[in-house]
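Presented below is the structure to which this report refers.
Only the coordinates and a few stated rules stand behind these numbers; no lab work does. Quick caveat, the model's predicted, so the values are computed rather than measured. Here the Cβ positions follow ideal geometry from the backbone for every residue, glycine too, while neighbour counts run over all protein chains shown.
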Amino acid sequence: MTAKLIDGKAISKALKADVRVATDALVARGARRPGLAVVLVGSDPASSIYVRNKRISCEETGIHSVSHDLPAETSEATLLALIDQLNADPAIDGILVQSPLPKHISEHAVIERIDPSKDVDGFHPYNVGRLATRQPLMRPCTPYGVMIMLEKMGLSVRGKDAVVVGQSNIVGRPMALELLMASATITVCHSKTRDLKAEVGRAEVLVVGTGKPNMIPGSWIREGAIVVDVGINRMPDGKICGDVEFAPAAERAGWITPVPGGVGPMTIAALMKNTLESTLLRQGIAL
Ligand code: NDP
């Protein structure tokens, strides 16, 4: 392997340690401890694991987490009423509703009901708009985590050709906005892109989030590129792999994120950072 590994696990650990120092400092000066409400509807196994990891991270970072585990048959009205209650709760700085939601509940309606200043996932159209206009408030966690990771590695994207594969609301689109805000020249690819290989081959910075295991062959990667693999795919043998063919990509790339241990832990660390930032704003404190 010639690429340098971008160790998201180590970077996320350091970021969470910084959040811990900040929450301890807050409490020491008599301020309120940050509070995160984690809402899970149903018992999807992957969602249950994500939610558990988020709760563990709250403990590690000194964030008070409140769990709301609701049955799969919960109505949209009941969920919206819970969000209203959390919006009004002064002890809650962040509201996270784990997706996917059961089919009978509209994700859009739920996201739009969350007070944008408590939208620590950064999915509310207000927060996406803030990012699009270069005045970020709550930044979508996965792309925010990627940008923090690149910054900690000392990797600038300024002026570089950045290609994002995937255009979802939670990964590709906000990722493109983050890269644009950092002055990269961006291209966003998706399933209708005519010549994906050519687009990927131009990328000095490549971010892939498609949910298709190993779909980017290592041979497509531009020599020396920064490769960020957002994909998390569970294979039939139980192993987790990304959307980029890791070993051959690592022979060509300059830097690469592993899966697992790359973007995944950074997403959770960014969620903790957003919750801290939310409480600072809400309590009017500059640390
Ligand atoms: P979605 O299914 O919502 O979006 C997938 C995107 O990939 C779509 O835009 C789709 O294009 C595009 N795509 C699919 N197939 C191809 C193809 N053959 N060529 C080009 N583009 C393609 O997925 P998510 O964005 O929610 O998630 C993507 C991956 O990231 C998943 O593996 C998920 O598990 C992972 N993930 C990881 C996180 C982390 O913390 N590391 C957080 C969130 C997600 P089109 O729009 O045209 O259909």
Mean separation of Cα pairs under 8 Å and 6+ residues apart, divided by the residue count of region 1-88: what relative contact order is that in percent? 32
Measuring from the lowest to the highest alpha carbon on each principal axis, how far does region 42-84 reach, largest first, in angstroms? 33, 25, 9
Inter-centroid distance (Cα atoms) of region 219-243 relative to region 119-159, Å: 22
Region 105-168 -> Rg/Rh from Cα coords, Kirkwood Rh, value 1.03
Once you charge only the Cβ atoms, +1 for Lys and Arg and -1 for Asp and Glu, what is the size of the charge dipole of the chain about its Cα centre, to the nearest 20 debye? 540
Based on DSSP H runs of at least 4 residues, each adding -39500 (n - 2.57), what is the mean residue ellipticity at 222 nm of the chain after dividing by all its residues, to the nearest 500 deg cm²/dmol? -13500 deg cm²/dmol
Can you check what the net charge comes to around I92, using other residues whose Cβ is under 13 Å from the Cβ of I92 (Lys, Arg +1; Asp, Glu -1)? -1
Let me test this: with uniform point scatterers at the alpha carbons of region 200-287, what is the Debye-based log₁₀ I(q)/I(0) at q = 0.12, 0.16, 0.20, 0.21 1/Å? -0.45, -0.65, -0.84, -0.89
Among 208-214, 71-77, how do they line up by average Cβ neighbours within 10 Å per residue, starting with the highest? 208-214, 71-77
Cα-only Debye scattering, the chain: base-10 log of I(q)/I(0) at q = 0.10, 0.16 Å⁻¹: -0.53, -1.29
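Any idea what the relative contact order of the chain is, in percent, if you count C-alpha pairs under 8 Å spaced at least 6 apart?
Relative contact order here is 23 percent.
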Mind pulling the angle between the C-alpha long axis of helix 8-28 and the longest principal axis of the chain? Nearest 10 degrees, somewhere in 0 to 90. 20
From the P(r) of region 152-202, could you give the percentage of C-alpha pairs in the tail past 16 Å? 42
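Taking N as the number of residues in region 48-146, what value does Rg over Cα atoms divided by 2.2 N^0.38 Å take? Intermediate values should be presented prior to the final figure.
On the way: Rg = 13.7 Å, N = 99, 2.2 N^0.38 = 12.6 Å.
After normalising by residue count via 2.2 N^0.38 Å, the value is 1.09.
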What is the diffusion coefficient of region 141-287 in µm²/s, taking the Kirkwood radius over Cα pairs and the Stokes-Einstein relation at 20 °C with a viscosity of 1.002 mPa s? 138
Share antiparallel - DSSP beta bridges, the chain, percent rounded to 5: 5
Given K118/K197; K103/K192; K9/K197; K152/K212; K13/K197; K54/K103, which pairs have Cα atoms separated by over 32 Å? K118/K197; K13/K197
Taking the chain as the reference, fit the longest principal axis to its C-alpha atoms, fit the long axis of helix 76-88 to the helix C-alpha atoms, and give the angle between the two in degrees, 0 to 90, nearest 10. 70
